[in-house]
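J.: The structure's right below; bear with me while I get my questions together.
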Amino acid sequence: MVGLSAGEKQFMHGGIAQDLRSDGRQRLQFRPISIQTGVIPQANGSARVTLGTTVVIASIKAELGKPAPLRPDKGKVVIFIDCSPTAGPMFEGRGGEELSSELSVGLQRCLLGGKSGAGAGIDLSSLVLAEGKICWDLYIDGLVISSDGNLLDALAAAIKVALSNTGIPKVSVIVEASAEDQLEVNVSDEEFLQFDTSGVPVIVTLTKVGRHYIADATSEEESQMSSAVSVSVNRHGRVCGLTKRGGAGLDPSVMLDMISVAKHASENLIAVLDSEIAAAEAAEDDGS
């Protein structure tokens, strides 16, 4: 927990009220963001995202599996987040475990939709190779290396970038004529399919401090929040998920306004990520 003096709190609240935050940003302005792809060679895709002084890594591992009986037409995605104890003293012991669980659940709600898969930002049906028989299971691991606030947005950005860096082996599935349950699966070692990230959303978290809400809050700003709403939005402006933190309630009209603001802010964030991804891909091509 960040400890602030009464004077520091008053300075922060006063600045936010005047649309001038402690680090010089406006209320809805993000910190500088930079990315690096292919940081974990053993993974199918990976990325490192730096947002201000918050640093996270996401990796994607694809394995062949079997669809769940109740969802035979959909593949599976599992998200697990780990908070390194070196990222901050609050991550030591059970504090880190609780935050890791909270972040994992928040990302699942915002990226994978409901239990039925409806509204999922990641197209689970695209992971199926033979309905009810074989699919791709995606294991998404996130690691918080350095924390200075807004972890959910940073991790979601890292996952989106890592997915854009993901190559899934080309697979041919042949059903044996003698028995429908017998499948012959050939996995290519040379041909890879690029994962389609066109529908994968970003997350924009709006944090309410005093009477106003801000985007991309730092740890100090988060220590003064009454509540926070995280909205996942794809490039088409569709809201894919939503989660709320903090005990203070929000008026429905305020919630709707926050969603509208988050949708607008997501356009800028997606544009920045697109530019960074293109630059990272160009750097990889030059290095190869």
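J.: A279 - would you say it is farther than 17 Å from S34 by Cβ, of a type in the set (A, V, I, L, M, F, W, C) and surrounded by fewer than 16 Cβ atoms within 10 Å (Cβ to Cβ)? Outline the logic, then answer.
T.: Working: farther than 17 Å from S34 by Cβ: no; of a type in the set (A, V, I, L, M, F, W, C): yes; surrounded by fewer than 16 Cβ atoms within 10 Å (Cβ to Cβ): yes.
When the stated conditions are applied, A279 does not pass them.
J.: Conditions first: (1) modelled with pLDDT under 95; (2) over 27 Å from T218 (Cα atoms); (3) of a type outside the set (F, W, Y). K61 passes all but one, so which condition is the exception?
T.: (1)
J.: Can you find a residue that is surrounded by fewer than 23 Cβ atoms within 10 Å (Cβ to Cβ), acidic (D, E) and touching a Gly at 6+ places or on another chain (Cβ under 9 Å) anywhere in segment 179-199?
T.: The answer is no; no qualifying residue exists.
J.: Which number in (1) out of contact with any strand residue (DSSP E or B) (no Cβ under 7 Å at 6 or more places or on another chain); (2) under 17 Å from T218 (Cβ atoms); (3) loosely packed, with under 15 Cβ neighbours inside 10 Å marks the one condition that G52 misses?
T.: All conditions pass for G52, except number (3).
J.: Going through segment 46-63 one residue at a time, which ones are farther than 16 Å from N165 by Cα, touching a residue at least 40 places away in the same chain (Cβ under 8 Å) and of a type in the set (S, T, Y)?
T.: Hits for segment 46-63 are T53, T54.
J.: Which of the numbered conditions does A228 fail, given that it passes all the others? Conditions: (1) in contact (Cβ under 8 Å) with a residue 60 or more places away in the chain; (2) under 27 Å from L4 (Cβ atoms).
T.: With (1) in contact (Cβ under 8 Å) with a residue 60 or more places away in the chain; (2) under 27 Å from L4 (Cβ atoms) applied to A228, the lone miss is (1).
J.: Which ones in segment 33-45 are within 18 Å of L138 (Cα to Cα) and surrounded by 24 or more Cβ atoms within 10 Å (Cβ to Cβ)?
T.: G45
J.: Against the definition (within 30 Å of I168 (Cα to Cα) and out of contact with any Ser or Thr (no Cβ under 8 Å at 6 or more places or on another chain)), how does R238 come out, yes or no? Walk me through how you get there before you give the answer.
T.: On the way: within 30 Å of I168 (Cα to Cα): yes; out of contact with any Ser or Thr (no Cβ under 8 Å at 6 or more places or on another chain): yes.
Considered against the rule, which asks whether it is within 30 Å of I168 (Cα to Cα) and out of contact with any Ser or Thr (no Cβ under 8 Å at 6 or more places or on another chain), R238 comes out as yes.
J.: Further question: Please indicate, with yes or no, whether at least one residue in segment 233-242 is surrounded by 19 or more Cβ atoms within 10 Å (Cβ to Cβ) and without any contact (Cβ under 8 Å) to a residue 40 or more places away in the chain.
T.: yes
J.: Please work out which one of (1) surrounded by 18 or more Cβ atoms within 10 Å (Cβ to Cβ); (2) of a type outside the set (S, T, N, Q); (3) more than 30 Å from A282 (Cα to Cα) is the condition L111 fails and give its number.
T.: (3)
J.: Let me ask you something else. Test G117 against the stated conditions and say whether it is on the phi > 0 side of the Ramachandran plot, at pLDDT below 95 and not β-branched (V, I, T).
T.: It is true that G117 is on the phi > 0 side of the Ramachandran plot, at pLDDT below 95 and not β-branched (V, I, T).
J.: So, one more: What's the number of the only condition in (1) more than 30 Å from G167 (Cα to Cα); (2) modelled with pLDDT under 90; (3) in contact with a helix residue (DSSP H, G or I) (Cβ under 8 Å, 6 or more places away or on another chain) that R27 fails to meet?
T.: Among (1) more than 30 Å from G167 (Cα to Cα); (2) modelled with pLDDT under 90; (3) in contact with a helix residue (DSSP H, G or I) (Cβ under 8 Å, 6 or more places away or on another chain), R27 violates only (2).
J.: Over 20 Å from the mean Cα position of the chain (by Cα) and small (G, A, S), is that true of A58?
T.: Working: over 20 Å from the mean Cα position of the chain (by Cα): no; small (G, A, S): yes.
Answer is no for this residue.
J.: While we're looking at this one, here's another question. Among the residues of segment 245-275, write down those that are of a type outside the set (V, I, T), open to solvent by 40 Å² or more (accessible area, probe 1.4 Å) and modelled with pLDDT of 90 or more.
T.: L256, D257, S260, K263, H264, E267, N268, A271, D274, S275
J.: While we're on this one: Out of all the residues in segment 68-91, is one or more of a type in the set (S, T, Y) and open to solvent by 70 Å² or more (accessible area, probe 1.4 Å)?
T.: Yes, segment 68-91 contains a residue that is of a type in the set (S, T, Y) and open to solvent by 70 Å² or more (accessible area, probe 1.4 Å).
J.: For segment 132-243, list the strands (runs of 3 or more DSSP E) that sit wholly inside it and hold at least 3 residues that are at pLDDT below 90, over 21 Å from the mean Cα position of the chain (by Cα) and closer than 30 Å to D19 by Cβ; which are they?
T.: Because the criterion is at least 3 residues that are at pLDDT below 90, over 21 Å from the mean Cα position of the chain (by Cα) and closer than 30 Å to D19 by Cβ, no strands (runs of 3 or more DSSP E) in segment 132-243 meet it.
The values are calculated or read from the model by the stated rules, or taken from the named source; none is laboratory data. Source: prediction; values computed, not measured. A quick note on method: Cβ atoms are made from the backbone with ideal geometry, for glycine too, and the neighbour counts reach across all protein chains shown. With ligands, DNA and RNA removed, areas are computed over all heavy atoms of the protein, side chains included. Shrake-Rupley method; radii C 1.70, N 1.55, O 1.52, S 1.80 Å.
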